[in-house]
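Novice: Quick one: structure below, then a few questions.
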């Protein structure tokens, strides 16, 4: 979305705003635990559905900004590195290593964010199953959902 549209929808437009959103949503995750403990599965489900897109947008913005601020000077991808003579070959190898490290960082950060989002997605599915009675009585559903929420929160932290 455009910057104006993002602001209007409450999505962050800067890395600082994104970090604030991530911190706020971490507190929201704690609130979801409280709501589920109270047996309010529908309310918990709504809160999870509100959390997921906010964490996704903010997380992707933070990752993008973190990677762009640590991009090596010169080439950012292995395929852009040129080897002309011995000196440039050594520089090329150094740039190649930096680019590889950069790609590994990106992969690790994206994997961590996807793990968090997938965990909260699983919570949403379990909450839906609990509402429909597919997990047994409400108390059993709460226990299972709370266990999944704790896993999601650990991934978040």
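The values are calculated or read from the model by the stated rules, or taken from the named source; none is laboratory data. All of these numbers come straight from a predicted model, not from anything done at the bench. When we count neighbours, we look across all protein chains shown, and the Cβ atoms used for this are built from the backbone with ideal geometry, even at glycine.
Novice: Any idea how many residues of the range 116-157 are without any contact (Cβ under 8 Å) to a residue 12 or more places away in the chain, buried (at least 19 other Cβ atoms within 10 Å of the Cβ) and not in a loop (DSSP other than H, G, I, E, B)?
Specialist: Qualifying residue count, the range 116-157: 0.
Novice: Sticking with this one: Counting just the residues of the range 38-59 that are out of contact with any helix residue (DSSP H, G or I) (no Cβ under 7 Å at 6 or more places or on another chain) and in a helix (DSSP H, G or I), which one comes out farthest from residue 108 (Cα to Cα)? Steps first, answer last, please.
Specialist: Here is the first cut: in the range 38-59, the ones out of contact with any helix residue (DSSP H, G or I) (no Cβ under 7 Å at 6 or more places or on another chain) are 38, 40, 46, 50, 53, 57.
Of the ones still in play, those that are also in a helix (DSSP H, G or I) are 46, 50, 53, 57.
On the way: 46: 29, 50: 25, 53: 20, 57: 17 Å.
Residue satisfying both the conditions and the ranking: 46.
Novice: When the residues of the range 81-109 are filtered to those that are surrounded by 12 or more Cβ atoms within 10 Å (Cβ to Cβ) and modelled with pLDDT under 75, which remaining residue is nearest to the chain's Cα centre (by Cα)?
Specialist: The first filter runs over the range 81-109 and keeps only residues surrounded by 12 or more Cβ atoms within 10 Å (Cβ to Cβ), leaving 81, 83, 88-89, 91-103, 105-106, 109.
When the remaining residues are screened for being modelled with pLDDT under 75, the result is 81, 83, 88.
Numbers: 81: 31, 83: 37, 88: 38 Å.
Out of the qualifying residues, it is 81.
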